[in-house]
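One structure is given below, encoded as structure tokens.
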């Protein structure tokens with residue numbers, strides 16, 4: 001499928017000029033939090049809603065453009081990031097799974113013009129600004145012609161950076177699938193960056209929120 005608005009490939013840029021956008025995925029229904037239970041992204045860590053904490057770290061790492069993809073409880077999630085310089089985009093098909101959020105995020109302003117895009121899940125409280133900067137540095141060192149993936153003890157995790165070469169494949173995703181198959185079938189080098197337990201710590205249940213140091217809120 002040809003995407004009319006997709007920019008044409010360009011000559012390889014120098015590492016310093018490579019642009020890396022970022023999407024923060026915050027559209028999920030958080031089903032494992034229980035029916036009508038508290039929303040994990042509104043749980044507080046260090047006095048902040050988790051989604052805001054994640055967004056602030058994304059901003060501080062210097063990615064641009066930046067997109068927050070919302071869905072379930074859109075109004076509250078967007079209110080939690082008020083004042084931050086991050087575009088909000090609503091995934092109307094959020095109930096069908098992650099693919100819609102990836103497509104929605106990649107269609108954010110300027111995203112298709114980037115050399116790469118970082119994909120970050122908003123429910124990973126241990127990912128730091130420094131982790132994100134390490135991923136960006138590795139992508140630039142490889143000239144943007146690779147996938148960069150967070151690992152913990154050699155086991156793949158999140159966040160990841162995808163290069164422009166796979167954007168068309170992302171735009172064709174459907175259903176409850178992420179980018180794993182795209183990464184594995186791209187034929188591109190995959191650079192693994194060790195970020196420790198942060199690559200695997202997410203908070204899908206109330207117990208996981210508390211274990212990670214969070215406080216549940218409605």
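Side notes on the structure shown:
- Any hit, the range 176-189, residues being closer than 20 Å to residue 21 by Cβ, modelled with pLDDT of 95 or more, assigned to a loop (DSSP other than H, G, I, E, B) and in contact with a strand residue (DSSP E or B) (Cβ under 7 Å, 6 or more places away or on another chain): yes
- Residue tally, condition closer than 30 Å to residue 145 by Cβ and modelled with pLDDT under 95, over the range 28-75: 0
- Strands (runs of 3 or more DSSP E) contained in the range 20-138 and holding at least 2 residues touching a residue at least 24 places away in the same chain (Cβ under 8 Å), buried (at least 20 other Cβ atoms within 10 Å of the Cβ) and on the phi < 0 side of the Ramachandran plot: 20-26, 66-70, 116-121
- Residues within the range 190-218 that are in contact with a helix residue (DSSP H, G or I) (Cβ under 6 Å, 6 or more places away or on another chain) and in a strand (DSSP E or B), tallied: 2
- The set of residues in the range 56-76 that are closer than 26 Å to residue 135 by Cα and in contact with a strand residue (DSSP E or B) (Cβ under 6 Å, 6 or more places away or on another chain) comprises 58, 63, 65, 66, 67, 68, 69, 70.
The values are calculated or read from the model by the stated rules, or taken from the named source; none is laboratory data. Given the structure is predicted, the values throughout are model-derived calculations rather than measurements. Here the Cβ is made from the backbone with ideal geometry for all residues, glycine too, and neighbour counts use every protein chain on show.
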